[in-house]
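Data first, discussion second: the structure below is written as structure tokens.
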């Protein structure tokens, strides 16, 4: 068990780097966000984790064409992932659109 | 060559996520940031579809993939475009649940992929139905699949409950010992997963062989017992149940914090998918959201002056009982619509404090009309926005922006507190805890220390509420019994409409 853990680390050291650096990056990037933006930011981050859809596409793309149960589950996964991505980005955009409108009217 | 192009796509994707998130955190660039991330996502998705290869083989089932993409896009787009601005928080929760479910299904598919390709090996008499796994699947592989599934499932079922709670379909459920039941569930889940991952799959050396040579010459080094296959689905069910139980007791106004937390859960589930496929963009995107989401959750808690532990374990209610109960309540006085209208129409400056009640009643447009009518009469009108007003931090700004209230009329808390001193009338629309003076002068109060809007500095205070019931913190508000304060009962929208008509008549 320990040996396999060690092997895995050696094999995936670049991934471990990505994880560690991304954690700091994620914290750093939104460090001083004004509370006004909490909701849109959460919604935007929500859309970004829709990246999970790539996993769904990969898993779907290698199912044998006659394995219908797997195809249906995969189909569902891709639909849900797409909903997350598209819905997430559109909702965020709608929220932020209003912030913009607000500014242009006040400028007039 | 093609694989390199895909790596490049993923690099671009990861970069746009970072830049997008960074831009989202600043008001001027937020909208562009969202777009940048969306473009990166599109590149990563299409890159995967057309360029991804595994053992020199491209993906197939294009028909199914594009069908699913099209369906998801159309439905997602329409739903997101049609949803009311007040329903935004539950929409985010719903989409978050979809992402969680996607991660859950990926893990299920991966597990099915393993079992579908396994061979039943009757050669081991002590383990009937023993299945040999083709390919190099070890404990860590199993760990990633199981943990990805568990996090995804909890995020999915939890988000669905949060969604139901926000749109009023699911009610709070509280019973004695709930915290312990949930804790026990969590421990059972973690324990079961650890046990499962440690014992599954069985290394072939455990059953007396270094590796079994299969008919096609490959060597299988691991295997599964039938019971372990059922147990996998058992863990799935337990995780779904835990998600439900975890969110059920949490109060409606705390939902934003929970959604933000579940949001970072889904991010982590996506990151586990990244491990599974050695996919950098999933890893970066997932971890970024996981980390940023966790921080955002803590920031939200801070803005509400609550600890995450309090939100999750519901310690708030019990603290409130010990804090506020003993105090003697005075009398409050009501104000008639015409009196309220007169006071406001003849004021020099009116400040409006919108709260949860305004959001629930969807009264933002009526509120804006009231503001315009007052201004025509020469009254200066400003809004005082508490950082956590509405159903989510920042939600009130979005709502008022939707109603075309101009940006410079919205005052943040610190500026507003200066302005209250010169205001003649403060109109509080369905806000309660954010104007409770107990946060300043009662150290025993559970909300003590929370920054509040100091409305008591104004000359007159009119409070619109549906009833005298305390706010979500469950504590009485002395402000309502102050001599300067008068109450205007009723639904925010209905009351504002009547008030508007009266003001026009003044």
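Rule-based calculations on the coordinates, nothing more; no lab input. These numbers come from a predicted model, not from an experiment. With ideal geometry, Cβ positions are generated from the backbone for all residues, glycine too; neighbour counts draw on all protein chains shown.
Annotations
- Chain A, relative contact order [Cα under 8 Å, separation at least 6], %: 29
- Between 0 and 90 degrees, the angle of helix B:255-277 with respect to the longest Cα principal axis of chain B falls at about 20 degrees.
- Mean silhouette area of the stretch A:34-107, derived from the convex hull of its C-alpha atoms and averaged over all directions, reads 5.7 nm².
- Ellipsoid semi-axes in whole angstrom, largest first, where each is sqrt(5λ) of the Cα gyration tensor of the stretch B:337-505: 23, 17, 16
- Here the relative contact order of the stretch B:1-82, from alpha carbon pairs under 8 Å that lie six or more residues apart, stands at 27 percent.
- Compactness of the stretch B:1-82, expressed as Rg and Dmax over alpha-carbon positions, Å: 15.3, 46
- Sorting B:347-356, A:29-38 by average packing, meaning the other beta carbons within 10 Å per residue, from highest down gives B:347-356, A:29-38.
- Listed from fewest to most Cβ neighbours within 10 Å, the set B:453, B:8, B:337 follows the order B:8, B:337, B:453.
- The value of relative contact order for chain B, using C-alpha pairs under 8 Å at least six residues apart, is 13 percent.
- DSSP beta bridges confined to the protein assembly as shown are antiparallel in about 30 percent of cases.
- Inter-centroid distance (Cα atoms) of the stretch B:8-35 relative to the stretch B:144-208, Å: 32
- Sorting B:193, B:102, B:367 by the number of Cβ atoms found within 10 Å of their own Cβ, with the fewest placed first, yields B:193, B:367, B:102.
- Annotation for residue B:82 and residue B:491: the two label points, set 7 Å from Cα along the Cα-Cβ direction, are 2.3 nm apart.
- Our analysis of chain B gives Rg over Rh at 1.08, with the two radii drawn from alpha carbon positions and Rh computed by the Kirkwood formula.
- Average other protein chain Cβ within 10 Å of Cβ, residues B:398-410: 5
- Remark: mean inter-chain Cβ contacts per residue of B:5-12 equal 0, using a 10 Å Cβ-Cβ cutoff to other protein chain atoms.
- Relative to the longest principal axis of the Cα atoms of chain B, helix B:226-247 runs at roughly 10 degrees.
- Ranked for footprinting exposure by Cβ neighbours inside 10 Å, fewest first, B:163, B:121 give B:121, B:163.
- Cα-based Rg of the stretch B:1-45 normalised by 2.2 N^0.38 Å, two decimals: 1.24
- In this structure, residue B:309 and residue B:32 have a Cβ-Cβ separation that, at R0 = 41 Å, corresponds to a calculated FRET efficiency of about 0.65.
- In chain A, helical runs assigned H by DSSP with n ≥ 4 each contribute -39500 (n - 2.57); averaged across all residues and rounded to the nearest 500, the mean residue ellipticity at 222 nm is -24500 deg cm²/dmol.
- Geometric descriptor of the protein assembly as shown, per residue, is 153 Å³ (volume of the convex hull of the Cα atoms).
- Relative to the dominant Cα principal axis of chain B, helix B:30-51 is inclined by about 20°.
- Packing-based order for B:38-48, A:9-19, B:459-469, using average beta carbon neighbours within 10 Å, highest first: B:38-48, B:459-469, A:9-19
- For residues of B:52-64, the mean tally of beta carbons on other chains within 10 Å: 4
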